[in-house]
Amino acid sequence: MAARQRVMVLLGAAVVLAALPWVVHSRYVLAALVFIALNALAAVGLSLVMGFAGQVSLGQAAFFAVGAYVSGVLTATYGCNGWLAVVIAVAAGALTAAAIGLPIFRLSGLLLAMATLGFGIIVYYVLVNWAAVTGGPSGLTGVPPLTVGAFRFDSDARMLWLAGGALLGVLWLAGNLVDSRIGRALRAVHGSEAAAAAAGIDTARLKLGVFTLAGAITALAGALYAHYLTFINPSPFGFAYSVELVVMVVLGGVASLWGAVLGAAVIVALVETLRAALPLVSASHGAAEYEIALFGVILMLFMIFLPTGLVGLARRPA
Amino acid sequence: MGEQLAQYLASGLVVGGIYALIGLGFVIVYGVTRIVNFAQGEFVMLGALGMVTLTARGYGVGTAFVVSLLAVATVGALLERVAVRPLRRAPALAVLILTIGASIALRGAALLSWGTDPLAVPAFSAGPPLVVGGAVVVRQGVWVLAVAASVFAALWWFFNRTYAGTAVRACAVNPRAASLMGIRVDRVSLLAWTLSGALGATAGAVIAPITYATYDMGLMLGLKGFVAAVLGGLASPPAAIAGGFALGVLESLAAGLVSSAYKDAVAFVVLIAVCLAQVAGWLPWRVAQES
Amino acid sequence: MTTSALLEARGLGRDFGGVAAVRGLDFHVAAGTIKALIGPNGAGKTTLLSMIAGALPPSRGRLLLDGRLLPVGRPHAVAALGIARTFQLVRPFGEMSVLETVMVGCHRCGRSGWLAAALRSGAQRREEDALRERALAVLARMGLAARAADVACALPYGEQRLVEVARALAAGPRLLLLDEPGAGLDATEHARLATMVRAIRDEGTTILLVDHHMDFVLDLADEVLVLNYGEKLAEDTPGAIRRHPAVVAAYLGEEAA
């Protein structure tokens, strides 16, 4: 997408975003939209790694958790300024990713994916067990919402503006990056690592850079999440969430930032729809119990009929 | 101290046998189809829960075991035919997500059928725990090892002494050459998935009396079995078996000597350690080497 | 021994398991010349190119560029020193256009970092324009300017190979390694390739070329290195090589069209 086109689309989206809370009155829908925005933010980070560095990361939830906990603990326990805490959380996400990435990016393919999986789970266990700092399994309460002067981001509508705004900002930055010399190098590495290296691209450093960036973006999503819910515990940040993020990216179409947003929207909408619709269809069995099975089946069907993802529908190859 | 170590070793070997069985399932499917089957852990879970239902209905343990095995093997076969085969030309990531979807669907189905409570399964034979070299081993633990050993022997015979097994090995090495030699690769793929279903069910059936059966037991077991397979290089059944036992013992030792809180994390720490060792060039063998 | 040897190999060897793909190799490539590397299948030609390009570490021996040791096992560092290569099997970068593919070739000509790229700073935009100009110029020289916007992997095979060469040339390398550039090309395309290779040499780039088409190679090269079973069989002018008894014997029955 050309740069000017992208700015137009993003500005249009920003206008829609600003107007949404006046058009949509249902708190339930607004909350769902906030979740879509936060998940989309996390998924966009992952999409850079998977679509452009061509590496599967099965531990992305760890960075979401790092972002949430760093920001949460700094504000709830140490009274730090909210925005500063978010910035530190983003930096923490980047540093964690760099620290993890440095040793493992010399691996390739399956082993790299396994290493990310391992790290993701280890981070999760640290969060669960380091109760003194993180509050352990019962979590951390009292995370204050973000404020600008007297204006508090404490409602669904306001958080939608904040999360949505952050998403649009990241989409602009990431889109620029993808179109640039560095983005070209990333796409080249994805296409053929050997040829990219022969062209003078330091592939290991590039992959590390993308991974670090993804860690930062996902941590941002986590930090905003913490200030939205005002309460965090480790259970949403386990391996299952890492898997969910991968699903979002693949569903949307791997090498596409908008695909990640679309994938996040579809998954969140799917889960919420199942949750809402099932009690209407079947009064007998606890309807929530069907949710998991149906979700799995729908996912399988999606992959059988749309293996290149939703964005692949729009782009039929020549 | 020696007795404690013997204890850790014994329980580590029992758990290791399970990891080895699960790891074998991964290796066989991956070897033939280059697919990592995320639903492998669910095969284990279904084997365990199948035992719950069948023994509750009054069937003997032996019958229940066989029926459970066949049922889950069929599930594996169905999965291959209905879901995996249509995607044989799809990108590898799509297939990965497909198996993830399958694992979620199976878990959901199990939740509907059996609920959330952990369910008990009778041990294969009654009697007090045995004492072996200072270690106390429950009878079922011995069953685990016995069944595992029989399975390994049967598989060895199958892969090395039968045409079908050799065909599987041929496909794992070079599917195109195998098909040129007249081997029906699609049939071998079906066989691989069926076999891995049976292996998973075996693991589940034999461990359930010790750990109880729940609808979500497959996730962690599957992951750890996968780590075991990866440790062994993902390409070779004997290496997966060795990886499984090594992982089981390491996990047991770490839980006993260091801290039991992080027990589940041990497998992944080991995984990372092995990955890093490979990067540093310290590993005398290559892990998960693919063409 | 020429005094202006750009590339020099001393005692170079590479083992795979128990087999020596290349052994005890000493040779040199003089600056500003076209050197052909020929030999029967399995003689070790691609292994040698991969070692020079830094993709494969040698088991023994040294490679020197301008008298200095080449970095080992780091192809991007070797590329930074001015060595570019093409691959036997064309490796397109996904669905990238021809222009973008060639722009990747001059990746190292740009300096802007991640932040500048994300923010689309003025300097970064100017740099992009310069890279684009440079890539278009290379494409024009190769007669591919009309293809700039097309998807590279959708082009006919012969043109894809030319795009590969354009990508290798984009950064203005001192030494160009061409791995079977003529494979799959017809006679007309071969002639076009020969003209192009000579033009590249005349602009000052040194070329090391691997190919199986004997007439093409012996007409084009200034000097020829013959490998057989990983060892140097002969290193001489094309005329001398044509008459060399051991070379003829090695190729008996394998004379390519």
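So in the protein assembly as shown, what percent of DSSP beta bridges are antiparallel if you round to the nearest 5?
65
Which far-off residues, 5 or more places away or on another chain, put their amide H under 5 Å from the one on C:L37, with H placed in the peptide plane?
C:L209, C:V210, C:D211, C:L225
Let a ≥ b ≥ c be the square roots of the eigenvalues of the Cα gyration tensor of the stretch C:94-156; is it rounded (a/c under 1.5), or, if not, prolate (a/b larger than b/c) or oblate?
Because a/c hits 1.5 or more and a/b exceeds b/c, the stretch C:94-156 counts as prolate.
Sort C:K35, B:K263, C:K45 so the one with the fewest other Cβ atoms within 10 Å of its own Cβ comes first.
B:K263, C:K35, C:K45
Based on DSSP H runs of at least 4 residues, each adding -39500 (n - 2.57), what is the mean residue ellipticity at 222 nm of chain C after dividing by all its residues, to the nearest 500 deg cm²/dmol?
Computed ellipticity for chain C at 222 nm equals -11000 deg cm²/dmol.
Quote the relative contact order of chain B in percent (integer), defining contacts as alpha-carbon pairs under 8 Å separated by 6+ residues.
Relative contact order comes out at 39 percent.
For chain A, what does -39500 (n - 2.57) per DSSP helix run (n ≥ 4), summed and divided by total residues, give at 222 nm, in deg cm²/dmol to the nearest 500?
When only DSSP H runs of four or more count, the value is -25000 deg cm²/dmol.
Using only Cα atoms and rounding to the nearest 10 degrees, what angle (0 to 90) does helix C:187-202 make with the longest principal axis of chain C?
Tilt relative to chain C: about 80 degrees.
Quick one: if the Förster radius is 51 Å, what FRET efficiency do B:A56 and A:R4 give, using the C-beta to C-beta distance and rounding to 0.05?
So the FRET efficiency works out to roughly 0.15.
In nanometres, what is the gap between the two model label sites at B:A153 and A:V133, each 7 Å from Cα along Cα-to-Cβ?
Simple spin-label model gives 5.2 nm for this pair.
Quote the relative contact order of the stretch B:114-210 in percent (integer), defining contacts as alpha-carbon pairs under 8 Å separated by 6+ residues.
Across the stretch B:114-210, relative contact order equals 30 percent.
What average number of partner chain Cβ atoms lie no more than 10 Å from the Cβ of the residues making up A:247-255?
Taking all residues of A:247-255 together, the mean is 2.
For C:H107, C:H212, what's the fewest-to-most ordering of other Cβ within 10 Å of each Cβ?
C:H212, C:H107
Working from Cα positions, state the angle (0 to 90°, nearest 10) between the long axis of helix C:122-141 and the longest principal axis of chain C.
40
Kindly count the pairs of lysines across the protein assembly as shown whose alpha carbons are less than 26 Å apart, treating pairs on different chains or eight or more residues apart as eligible.
Counting lysine pairs in the protein assembly as shown gives 4.
Cβ neighbours within 10 Å, averaged per peptide: list A:207-219, A:260-272 in order, most packed at the top.
Final packing ranking: A:207-219, A:260-272.
What percent do you get for the relative contact order of chain C when only Cα pairs under 8 Å and 6+ apart count?
In percent, rounded to a whole number, it is 27.
Post the alpha-carbon centroid distance, the stretch A:73-147 to the stretch C:49-92, in whole angstrom.
Centre-to-centre (Cα) distance: 40 Å.
Which residue, B:T202, B:V61, B:V95, has the largest displacement toward the positive end of the dipole of the stretch B:2-280 when charges sit on each Cβ (Lys, Arg +1; Asp, Glu -1)?
B:V95
For B:M220, B:M181, C:M51, C:M214, what's the fewest-to-most ordering of other Cβ within 10 Å of each Cβ?
Arranged by neighbour count, lowest to highest, B:M220, B:M181, C:M51, C:M214 become B:M181, B:M220, C:M214, C:M51.
Under the rule that a partner needs its Cβ under 4.7 Å from the first Cβ, which Cys of chain C have none?
Result for chain C is C:C153, no neighbouring Cys Cβ within the cutoff.
What is the average number of partner chain Cβ atoms found within 10 Å of a Cβ in A:259-270?
Rounded to a whole number, the mean comes out at 0.
If I model a spin label at B:M181 and C:A246 as a point 7 Å from the Cα along the Cα→Cβ vector, what separation in nanometres do I get?
Simple spin-label model gives 4.0 nm for this pair.
Between C:E231 and residues 5 or more places away or on another chain, which pairs have amide H atoms under 5 Å apart, with H built 1.01 Å from N, and which residues are they?
Long-range HN contacts for C:E231: C:R23.
Which FRET efficiency value, to the nearest 0.05, is calculated for A:R275 and B:M220 with the Förster distance at 30 angstrom and r the Cβ-Cβ distance?
That pair, A:R275 with B:M220, gives E of 0.70.
Distance in nm between label sites at C:L89 and A:L95, each 7 Å beyond Cα in the beta-carbon direction?
For C:L89 paired with A:L95, the spin-label model returns 4.5 nm.
At 27 angstrom or more along the helix axis (alpha-carbon based) and mean Kyte-Doolittle of -1.0 or higher, what helices does chain A contain? Whole DSSP H runs only.
Answer set is A:3-23, A:27-47, A:82-104, A:109-129, A:156-179, A:203-229, A:257-281.
List the residues of the stretch C:45-83 whose backbone N lies under 19 Å from a point placed 7 Å from the Cα of C:D15 along the Cα-to-Cβ direction.
In the stretch C:45-83, the label zone of C:D15 (backbone N under 19 Å from the point 7 Å along Cα→Cβ) covers C:47-48, C:51, C:56-63, C:73.
Just to check I understand the Karplus step: with θ = phi - 60° and J = 6.51 cos²θ - 1.76 cosθ + 1.60, what whole-Hz values come out for the stretch B:64-79, glycine and proline as x?
Each residue of the stretch B:64-79 in turn: 4, 4, 5, 4, 4, 4, 5, 4, 6, 4, 5, 4, x, 5, 4, 4 Hz.
No lab work stands behind these numbers, since they all come straight from the coordinates. Note that this is a predicted model, so its numbers are computed, not measured. Because the Cβ atoms are built from the backbone with ideal geometry, glycine has one as well, and the counts that use them run over all protein chains shown.
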